[in-house]
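The values are calculated or read from the model by the stated rules, or taken from the named source; none is laboratory data. Quick caveat, the model's predicted, so the values are computed rather than measured. Virtual Cβ from ideal backbone geometry, glycine too; neighbours counted across all protein chains shown.
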Amino acid sequence: MSNSNYFFHLAKYNINDDKESVLNVTESHYPKDMGKPISHQHILKKFGAKLQKTRKSKGVTQEELAFKMSMDRTYIGMIERGERNPTIRTLYKIAKALKVDSSELLPF
């Protein structure tokens, strides 16, 4: 198996800062000895669920979070549904707005 098979294979990969489209992401490929393959979409959905749980535990609405981050409310919803791939900068902004360490949003 070539090294290129270790990485995600992406089709029409569009980067527009925090608005990276993930709708065209294909399945990931890992060597058999690395365990169960995890797709890019699966990771985004797990992150979104963790974000939603953390946001709700803080009593913050999507609209309030978006306002604190100077972003649109729909973008927060898209992240929570796993439809957007937030950048590290956006992760930092989310953590700061929710007053949590960014590490609290990552283990899922």
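Candidates in the stretch 62-108 are the residues that are touching a residue at least 60 places away in the same chain (Cβ under 8 Å) and on the phi < 0 side of the Ramachandran plot; of these, the one that is surrounded by the fewest Cβ atoms within 10 Å (Cβ to Cβ) is R89.
Those helices (runs of 4 or more DSSP H) of the stretch 35-108 in which at least 2 residues are under 12 Å from the mean Cα position of the chain (by Cα) and at pLDDT 95 or above, considering only elements entirely within it, cover 40-57, 73-80, 88-98.
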